[in-house]
Amino acid sequence: MGQRSGRQEIRKKLALSETMNAEADGQNDKEEAEEPKAKDQRLLSVFGVADLKNGAIGLYNIGQSCCLNSLLQVFLMNIRFTGILRRITVPPHAAQKRRNVPYQMLLLLEEMQCGKRKAVSPIHLAHCLSLYRVNLFVQHDAAQLFMTLWNLIKRQMKKPELVEELSDLYAVCVQEHLACQKCSFEAKRSSSMITLPVPVLDSNSHVLKTLEDCLQYFFHPEMLTDHNMCFCEQCGRKTPFLQSTKLVHLPQTLTIHLKRFCIEKSAYIHKLSHYLPFPQDLDFNAVLTESQCQADDSEKAGWQYELFAVVAHSGSTNCGHYCAYIRSLTECKWYCFNDSQVCQVSWDDVKCTYGHSNLHWGETAYLLIYMKKHPQ
Ligand code: ZN
């Protein structure tokens, strides 16, 4: 859809951009290192600039990059994330710049901001990602790619305070409990995760009816019996254990992964496309019981969320397409980002991603990104 002419336009525009040009030409590092000041100065001009004022800019599909494009839009439309991204240390040499994912994301953000273009190309970032085995022309899984991108960004942000802020922004903290059912022995372990991977079916393969049910089920205690029994130090033998996960802390940006891709015994992956509604406003205090949480009142007071984005998948497991519905934080309007095509949509359009059992090819929400209403 007008992709070729779009790319030509991009090439022309890129010719004007010194930094991009230098990187595309592969000039040697020495040459680049001698005059990094001017370029970094130019880049500095975008630090602190208000976010995408004209709402939304598309990203050209450069070879099955719909998954990457959707995730990039979710990252870059999050002003709390871009607030961190803008404070990264710019790598001094061209070779380091080419390999640095946060820096390439920042360049892309700058390009998205600097004109009135309908869409820009993520080609330099895609090349950079290919150095870390994130390849183009490959159908990615959005949940996996999100984790890969997040880890690359975290690892390559050199400043410890930014790494900490990034973790604070995304990490869910839980405590895992294992309690012997024959004695008083109990083991606890704290851990954190970047997404909440919630099942959409229960253990009997029954459909969970709402997002709230899925979350409730995720934190539901499970009895480990028979071949799942664990060795109890106190009893000195294998005993039944009660395994539970308690919610300790929720981050400002909460990513919920609906586990719609299901691996059967045959190792065949199929997609669960049944109807699963999710709310615009989500209060975890109303979803979880007292025993499913390990948090104080001030932590719980922040558990009021508002839907920010939906990464939706259409098609089958092997042949599909991703797009992202994102609510602009500056305009409070919903947009659908479908590669280079961006259009304003209504909440009813977003609700079309709830899914339908009879429409296996239909669009279904896969990642839900919620934001705290009252950040502490
Ligand atoms: Zn025991």
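The values are calculated or read from the model by the stated rules, or taken from the named source; none is laboratory data. Here the structure is a predicted model, which means the values were calculated and not measured. All Cβ positions, glycine included, derive from the backbone under ideal geometry; neighbour counts span all protein chains shown. Note: accessible area is taken over every heavy atom of the protein model, side chains too, but ligands, DNA and RNA are not part of it. Shrake-Rupley method; radii C 1.70, N 1.55, O 1.52, S 1.80 Å.
Within the range 264-340, the trypsin sites (Lys or Arg not before Pro) that combine a DSSP coil assignment with at most 10 other C-beta atoms in a 10 angstrom radius are LYS265.
Checking every one of the chymotrypsin sites (Phe, Trp or Tyr not before Pro) in the range 267-348 against DSSP loop status and a limit of 15 other Cβ atoms within 10 Å picks out TYR268, TYR275. Checked against a 22 Å cut-off, the cross-linked pairs LYS154/LYS259; LYS158/LYS188; LYS271/LYS351; LYS246/LYS372; LYS333/LYS372 give Cα-Cα distances beyond that limit for LYS154/LYS259; LYS158/LYS188.
For the pair SER316 and SER205, a Förster radius of 25 Å applied to the C-beta separation gives a FRET efficiency near 0.80, rounded to the nearest 0.05. Share of carbon and sulfur in the accessible area of the range 227-356 stands at 50%, probe radius 1.4 Å.
Taking label points 7 Å from Cα along the Cα-to-Cβ direction, ASP281 and GLN96 give a separation of 4.9 nm. One Cα centroid belongs to the range 186-204, the other to the range 266-339; the line between them spans 16 Å. The mean sequence separation of alpha-carbon pairs under 8 Å and at least six residues apart, normalised by the residue count of the range 298-376, gives a relative contact order of 39 percent. I need the trypsin sites (Lys or Arg not before Pro) found in the range 159-250, filtered to DSSP loop residues with at most 14 other beta carbons within 10 Å of theirs. Qualifying residues, ordered by number: LYS182, LYS209. Working from Cα pairs under 8 Å separated by at least six residues, relative contact order for the range 197-265 is 35 percent.
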